[in-house]
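Presented below is the structure to which this report refers.
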Amino acid sequence: MMGQTVTLAGRLGSPLCRSWSSSVPLPDLPRRHHPTGSGSRKYRTGQEAGPMSSSQISQILKANEYSHTLPRGPASHGVLGFHSNMLPSNHPGEDRRSSATCLPGRGGVLFGVFDGHAGPACAQAVSHRLFYYIAVATLQLRILAELERAVEEGRAVPPLLEWHKYPQNHSCPDEGATSFHSLRNYWQERLEDEDEEEEEDEEEDNGRISSALVNAFRRLDYDISVEAQVHLSMFPSSHRRLSLPGEGLSQMSPLRVALSGCTACVAHISNGVLHVANLGDSRAVMGVQESDGSWSVVSLTNDHNAQNPDELQRILGEHPQSEWRTVVRHDRLLGLLLPFRAFGDVRFKWSAEMLDRVYETRPDVMSVVNEAVRTQPLHYLTPPYLSALPEVTRHRIRPCDKFLVLATDGLWELMHRQTVVQLVGEQLAGLEQQGPIIPGAGMTLGGLQRLLQERKGRVLSVLEDQNATTHLLRHALGDDGYGSVAPNRLAKMLSLPTDLARRYRDDITITVIQLNELNL
């Protein structure tokens, strides 16, 4: 459904978007390994629940689900619709998600999942801001010039994005002025780049999109860092009261955003071409329906962590051999951080001198940020150690490509990608088979009866969930080892108190994008 243009106090502080608007014992489950310490599971750093009814289970699973169908036509770029859901483990949850349509220029549809750590601030900011940067990075210069003229003349700025706004979206505190100023600086620099030329050829244009995605990621991360430094310079005293405006207590203060971090997995779909930009250990997989109706997987991302030999070699190659024993310890960056690429996390990017100034002169700020980031890492010798350079994959969508799954690592820790695709494919097929049958001309009563029997045979079980991502959550948490859901196991997993839940699972965020009709 379509909504209104937001005002200067809305997202990014500019009218650049429109909104679419008796006791159960602790489970005998395989525990996720966490090194000792506190804070988010990304950093190294006994209460029992009563029984849950099936309706309570569904209520929890469906609390954050959302489904949307896009109108058919060129503006959908081949996307039929999407399902999305989130299940927090941390409190507050640190995952975020976004989806939007780029309005001007060649357009496109954007989807993203963002896995935060050391608090939700960075994921919150990136989920609100990154798509604007992508829009600016992909727009033709003539359109950016029109935007600049509108701002200079005080006219209404045409919207850049049409947000597919989830009912449970987290609101963003009014940081709009700073965000808009940074975004405008970005498009002004693009306009001043004399070496940049417009690309018209289709293949060159697809190369331009890959480059634009890389530039948008890196520029947003740069701006997050600069905004935090400006914030520090504006409040130099270590003796200010924390209640003063703009101080570290603000959940979305620039310093809190920069000290926390997040991974990102973003899909850009335009005119039948998919680009996936990945930063960290979330994943994107394509569900492919083969000619015999079976399902196969195309992986579109690589994990940026110690389990990826190429990524491990990249990290070691960027630092002197004398540091090779300390750069990655216990499969973590400097023994602390699981992903090797992320937004924010400036304690792995700023110079040692700058970090020393923050830790020594701003105890007021450091006292209110996540405990995991209150001290400088050991063996911090040759920063930066963390990269915000995404890995971009281009894929031309084929008729057999039926859906795309984006999910944070909380899902992939519990479920293999082939199982994910199989479950989604069967679920979407089941939904289509549940649709009404419209008899064709000349169909007899016997023919209709045979058609109903065939459909009944294909649908093996009654689907509990109309949302594919809720279906995945139910199976990921309740899997009995034989492809079915064990209600007792599912109830136990959902009954765990927050502090204990994090030992068994991470926050999980999933978006399933349907691309083509299923062959039934």
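The values are calculated or read from the model by the stated rules, or taken from the named source; none is laboratory data. Note that the coordinates shown come from a computational prediction; the quantities given were computed from them, not determined experimentally. Because the Cβ atoms are built from the backbone with ideal geometry, glycine has one as well, and the counts that use them run over all protein chains shown. Please note that ligands, DNA and RNA were not included when accessible areas were found on the heavy atoms of the full protein model with its side chains. Shrake-Rupley method; radii C 1.70, N 1.55, O 1.52, S 1.80 Å.
Would you confirm, using the coordinates I've provided, whether ALA75 is under 14 Å from SER270 (Cβ atoms), at pLDDT below 95 and in a helix (DSSP H, G or I)?
Working: under 14 Å from SER270 (Cβ atoms): yes; at pLDDT below 95: yes; in a helix (DSSP H, G or I): yes.
Yes: the conditions hold for ALA75.
What number of residues within the range 330-362 satisfy the criterion of being part of a loop (DSSP other than H, G, I, E, B) and surrounded by 18 or more Cβ atoms within 10 Å (Cβ to Cβ)? Here the count works out to 10. All of (1) more than 18 Å from the chain's Cα centre (by Cα); (2) β-branched (Val, Ile, Thr); (3) open to solvent by less than 30 Å² (accessible area, probe 1.4 Å) hold for THR101 with one exception: (1).
For (1) outside any helix (DSSP H, G or I); (2) at pLDDT 95 or above; (3) touching a Phe, Trp or Tyr at 6+ places or on another chain (Cβ under 8 Å); (4) among the hydroxyl-bearing types (Ser, Thr, Tyr), each residue gets a yes or a no:
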| site | (1), (2), (3), (4) |
| --- | --- |
| ASN302 | yes, yes, no, no |
| ILE315 | no, yes, yes, no |
| HIS319 | yes, yes, yes, no |
| VAL368 | yes, no, no, no |
| LEU378 | yes, no, no, no |
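The test for being at pLDDT 95 or above and either polar (S, T, N, Q) or under 23 Å from THR263 (Cα atoms) (or both) does not hold for LEU355. Only residues that are assigned to a helix (DSSP H, G or I) and open to solvent by less than 20 Å² (accessible area, probe 1.4 Å) were counted across the range 495-509, and they come to 1. Count, please, the residues in the range 382-434 that happen to be in a loop (DSSP other than H, G, I, E, B), open to solvent by 10 Å² or more (accessible area, probe 1.4 Å) and either among the acidic types (Asp, Glu) or out of contact with any helix residue (DSSP H, G or I) (no Cβ under 6 Å at 6 or more places or on another chain) (or both). Qualifying residue count, the range 382-434: 11.
When ALA284 is tested against (1) out of contact with any Lys or Arg (no Cβ under 7 Å at 6 or more places or on another chain); (2) closer than 30 Å to GLU517 by Cβ; (3) surrounded by fewer than 21 Cβ atoms within 10 Å (Cβ to Cβ), only condition (3) is not met.
For (1) at pLDDT 95 or above; (2) surrounded by fewer than 24 Cβ atoms within 10 Å (Cβ to Cβ); (3) over 30 Å from ALA75 (Cα atoms), each residue gets a yes or a no:
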position	(1), (2), (3)
GLY246	no, yes, yes
PRO254	no, no, yes
LEU259	no, no, yes
CYS265	yes, no, no
VAL288	yes, yes, no
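Exactly one of these conditions fails for GLY293: (1) at pLDDT 95 or above; (2) more than 20 Å from PHE348 (Cα to Cα); (3) open to solvent by 10 Å² or more (accessible area, probe 1.4 Å). Give me its number. Condition (1) is where GLY293 drops out.
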